[in-house]
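Written below as structure tokens is the structure these notes are about.
Just so you know, all these numbers are worked out from the coordinates, no wet-lab data involved. If you're wondering where the values come from, they're calculated on a predicted model, not measured in any experiment. Virtual Cβ from ideal backbone geometry, glycine too; neighbours counted across all protein chains shown.
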Amino acid sequence: MPESAMNWPPIRKPPGTLRVAPNLGDYATAVASFSWDDARRELLGDPPGNINIAYLAVDRHVAAGRGDRIAIRWLGRKGERRNLTYQDLKLASDSFANVLRDLEVGPGDTVFALSERVPELYIAAIGTLKNRSVFCPLFPAFGPEPIHQRMSIGCGKLLVTTPMLYKRKVAQIRASLPDLQHVILIGEIGDLIEEAHGFDSVISIASDQFTIPETAPEDLALLHFTSGTTGKPKGAMHVHDAVVAHYITGKTALDFHESDIFWCTADPGWVTGTSYGIISPLTHGLTMVVDQADFDAARWYRILQDERVTVWYTAPTAIRMLMKAGPGLPRGFDLSALRFAGSVGEPLNPEGVAWGAEVLGLPIHDNWWQTETGGIMIANYAAMDIRPGSMGKPLPGIEAAVVRHEDDAVTVIEAPGEEGELALRAGWPSMFRGYLGEEERYRKCFSGEWYLTGDLARVDEDGYFWFVGRADDVIKSAGHLIGPFEVESAIMEHPAVAEVGVIGKPDPVAGEIVKAFVALKPGFEPGEDLRLDILGFARKRLGTAVAPKEIVFTEDLPRTRSGKIMRRLLKARELGLPEGDLSTLEGPA
Ligand code: ATP
Ligand code: MG
């Protein structure tokens, strides 16, 4: 167990104290009895219906008489609201699928989306999947270069975007995207009529009845680019069968119940915003909140309050920003509807877990997965006692292990507490089926039956998994292997620290020394006294071998669009090395 986590007592959940009976109660029994075939049967019925993601997410509910339920509660940036029922979503996505068919965009062709979170984005996603085309959502804040890079790799045939984004970012690269045949623009298209179709006009003339063709489990459905935290983003390909994992992990890891109001704060441009911001909640027939606006602490507390959100899924970066906004703000809001809060994307410091317990009245439940895994793999599920700083346990159906990997052999490390690479036994439905255009890189992720994640972890004697760091970020200092997460978590506990990123800086004696980049909370000024105070604080918690030797203050840390600290960039800047692919770096596009 990381030393810093030892300071944090487990958060217990005595049976019967949860507000809703948890879907995953007795872990050992659920793991022993789980089979993917059963999960598939539960979702598809017996005999099985169409495996098409859009059918299972939307049309299935309408066919079962649940068409009047609200699927999307959309909140516009300026206070506008729009509700879309499952029936609305069915008809509009049928129309969109017919538009694709009329434009000769067929099965296997890639449809890109570059849009803010507006209802049309969700309609396009569902319609694309109905047509068995491949959906690839991009962050609307991307600049022309990252858009071009991804659309070239993905051979995008059609793009759904807005007139403003088109003019600013796409018009200039369109000539060098030979595969791009059609652009559909959401909103007033004005003088772009020669170059593009209007979303409303094509939808209004298309039929709103579309028969979803029989879809094979292995038909491609989604293309998601990784966050680019460690290098050039990879295009992970996912198939329709992934929906079985989206569905079952929504049930087990996020404890979805049909009556939930669910809010996933991620943009669909990041895999979380599609797997859990579109597909998983809809397969459960929930109502999901979609907020067009970007992060704003007061707005977010107001949404949790006013929409009576019951299940909330967010990321450590957002939690850190809420923490930074201070404890006074949430006191003005009634957050009592919330019964489960989850987090993904980066390690969640124990500090963040505890913040949830204090401010929301619920600890934050960390879970772990990747673009490549398509869905949650390791989680703190609702009924589980939380050990702050741990990412939880593998979900039923997922076999995870800490392994040593040499040449072509993988050895599972049985001893509790020993570090190694986190590996998953290949074969779950939402496992990626390739990196588009990078066959060799894909093959290198596997050894025998194991998928190697590139993350380092350890397992404690009770089967809790602890994230150590990405293999690329681990620091080797004077014979110690140091995970940046452990160091960052300890520094985060200092009252002045809002955020911290830690790297290994080459050193002639120690190999590497630990260096920390610290951003302060409002009200604290950088200075020598504070620097020494944080150094002393870290030493006390971590010991001199692991504590940073150097600390510098910074206004802000470089982050990906999905909110992850880019340690590789801190390191490249420190060493004056090339900065590498910056296409996902947050900042002005
Ligand atoms: P790239 O692969 O392009 O470098 P990325 O790995 O950040 O980018 P994602 O697929 O979005 O792209 O992120 C998955 C990674 O995020 C994981 O491999 C892990 O390093 C980190 N991660 C996600 N959830 C957690 C978590 N709960 N705890 C610790 N790390 C996490
Ligand atoms: Mg990755």
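Name all residues of region 136-170 having a backbone nitrogen under 11 Å from the label point set 7 Å from the Cα of Q292 along its Cα→Cβ direction, giving them as ranges.
What the label zone holds, given the 11 Å backbone N cut-off, is no residue at all.
Taking all pairs of distinct Cα atoms, average 1/r, flip it, and tell me the Kirkwood hydrodynamic radius of region 387-513 in Å to one decimal place. Let's see the in-between values first.
Details: mean 1/r = 0.0613 Å⁻¹.
Result for region 387-513 stands at 16.3 Å.
What nm distance separates the two modelled labels at M164 and E104, each placed 7 Å from Cα along Cα→Cβ?
It is 3.5 nm.
Apply the Karplus parameterisation 6.51 cos²θ - 1.76 cosθ + 1.60, with θ equal to phi minus 60°, to every residue of region 423-429 and state each ³J(HN,Hα) to the nearest whole Hz, in sequence, with x for glycine and proline.
With coefficients 6.51, -1.76 and 1.60, one gets 10, 10, 5, 4, x, 6, x Hz.
Select from P526, I491, V509 the residue farthest towards the positive end of the dipole of region 473-575; place +1 on Cβ of Lys and Arg, -1 on Cβ of Asp and Glu, and compute about the Cα centre.
Highest projection toward the positive end goes to V509.
Regarding the chain, what is the average projected area of its C-alpha convex hull, in nm²? Provide the component values of the computation, followed by the final result.
On the way: hull surface 105.1 nm².
Mean projected area for the chain: 26.3 nm², to one decimal.
Could you list the GluC sites (Glu not before Pro) in region 454-493 that lie in coil according to DSSP, counting only those with at most 13 other Cβ atoms within 10 Å of their Cβ? Show your work: numbers first, answer last.
Values: sites: E461, E486, E488, E493; in loops: E461, E493.
Passing sites in region 454-493 are E461.
Note down, for region 112-186, the three equivalent ellipsoid semi-axes (square root of 5 times each alpha carbon gyration tensor eigenvalue), biggest first, whole angstrom.
18, 14, 10
Hey, how much of the P(r) for region 235-307 falls beyond 21 Å, as a percent of Cα pairs? Show your work: numbers first, answer last.
Details: 768 of 2628 pairs.
Summing the P(r) tail past 21 Å for region 235-307 gives 29 percent.
For H480 and D533, what is the calculated FRET efficiency with R₀ set at 25 Å and r taken between the beta-carbons, to the nearest 0.05?
On the way: r = 24 Å, r/R0 = 0.96.
So, using R0 = 25 Å, E works out to roughly 0.55.
Taking the Cα-to-Cβ direction at R308 and at R77 and moving 7 Å from each Cα, how far apart do the two end points lie in nm?
3.0
Could you calculate, for region 83-235, the ratio of the Cα radius of gyration to the Kirkwood radius, expressed as Rg to Rh? Please report the intermediate quantities before stating the final value.
On the way: Rg = 14.8 Å, Rh = 15.6 Å.
A ratio of 0.95.
Determine by what factor the alpha-carbon radius of gyration of region 473-575 differs from 2.2 N^0.38 Å, reporting the quotient. Intermediate values should be presented prior to the final figure.
Details: Rg = 12.9 Å, N = 103, 2.2 N^0.38 = 12.8 Å.
Here the Cα radius of gyration is 1.01 times the empirical estimate.
Is the shape of region 35-100 best called rounded, prolate or oblate, per the rule: a/c under 1.5 gives rounded, else a/b larger than b/c gives prolate, else oblate, with a ≥ b ≥ c the square roots of the Cα gyration tensor eigenvalues?
Prolate, because a/c is 1.5 or more and a/b exceeds b/c.
In nm, what is the difference between 0.36 nm times the number of residues separating E145 and V20 and their Cα-Cα distance? Walk me through the intermediate numbers first.
Working: separation 125, 0.36 × 125 = 45.00 nm, distance 4.70 nm.
Here the segment from E145 to V20 would lengthen by 40.3 nm.
Please report, to two decimal places, log10 I(q)/I(0) for region 201-263 at q = 0.13 Å⁻¹ as given by the Debye formula with identical point scatterers on the Cα atoms and no solvent.
Evaluating at q = 0.13 Å⁻¹ gives log10 I(q)/I(0) of -0.69.
Can you give the FRET efficiency to the nearest 0.05 for H405 and E358, using r as the Cβ-Cβ distance and R₀ = 41 Å? Present the calculation step by step, with values, prior to reporting the outcome.
Numbers: r = 40 Å, r/R0 = 0.98.
My answer for the efficiency is 0.55.
Kindly provide the helix-only [θ] at 222 nm of the chain, computed as the sum of -39,500 (n - 2.57) over DSSP H runs of four or more divided by all residues, to the nearest 500 deg cm²/dmol?
Numbers: 18 runs with 157 residues, N = 589.
After summing the helix terms and dividing by residue count, I get -7500 deg cm²/dmol.
Please return the longest range in the chain lying between exposed loop sites, taking trypsin sites (Lys or Arg not before Pro), DSSP loop only, at most 10 other beta-carbon atoms within 10 Å, and leaving the sites out. Mind dumping the intermediate values first?
On the way: sites that count: R12, K78.
No qualifying site falls inside 79-589, the longest such stretch.
Normalised by the empirical 2.2 N^0.38 Å for globular proteins, what value does the Cα Rg of region 450-491 take?
Details: Rg = 11.3 Å, N = 42, 2.2 N^0.38 = 9.1 Å.
In units of the globular-protein estimate, region 450-491 measures up at 1.24.
Could you work out how much longer the chain between D556 and A32 gets when fully extended? Use 0.36 nm per residue separation minus the Cα distance between them, nm to one decimal. Intermediate results must be reported in sequence, preceding the final value.
On the way: separation 524, 0.36 × 524 = 188.64 nm, distance 4.59 nm.
My answer for the length gained is 184.1 nm.
Could you sort out which of K324/K549; K232/K540; K515/K564; K130/K444 sit more than 29 Å apart by Cα distance in this structure?
Values: K324/K549 25 Å; K232/K540 38 Å; K515/K564 18 Å; K130/K444 33 Å.
Checking Cα-Cα distances, K232/K540; K130/K444 exceed 29 Å.
For K393, which lysines qualify as cross-link partners when the Cα separation must be under 17 Å and same-chain residues fewer than eight apart are set aside?
Straight-distance partners of K393: K13, K251.
Place a +1 charge on the Cβ of each Lys and Arg in region 473-575 and a -1 charge on the Cβ of each Asp and Glu, then give the dipole magnitude about the Cα centre in debye, rounded to the nearest 20.
Once rounded to the nearest 20, the dipole reads 400 debye.
Quick one: what are the phi-derived ³J(HN,Hα) couplings along region 391-402, Karplus 6.51/-1.76/1.60 with θ = phi - 60°, whole Hz, x for glycine and proline?
8, x, 10, x, 6, x, x, 10, 9, 10, 8, 9
Using the Cα centre of region 115-269 as the reference point, and only Cβ charges (+1 on K/R, -1 on D/E), how large is the resulting charge dipole? Debye, rounded to the nearest 20. Please report the intermediate quantities before stating the final value.
Working: 12 positive and 18 negative charges, 123 e Å.
Dipole about the Cα centre, nearest 20: 600 debye.
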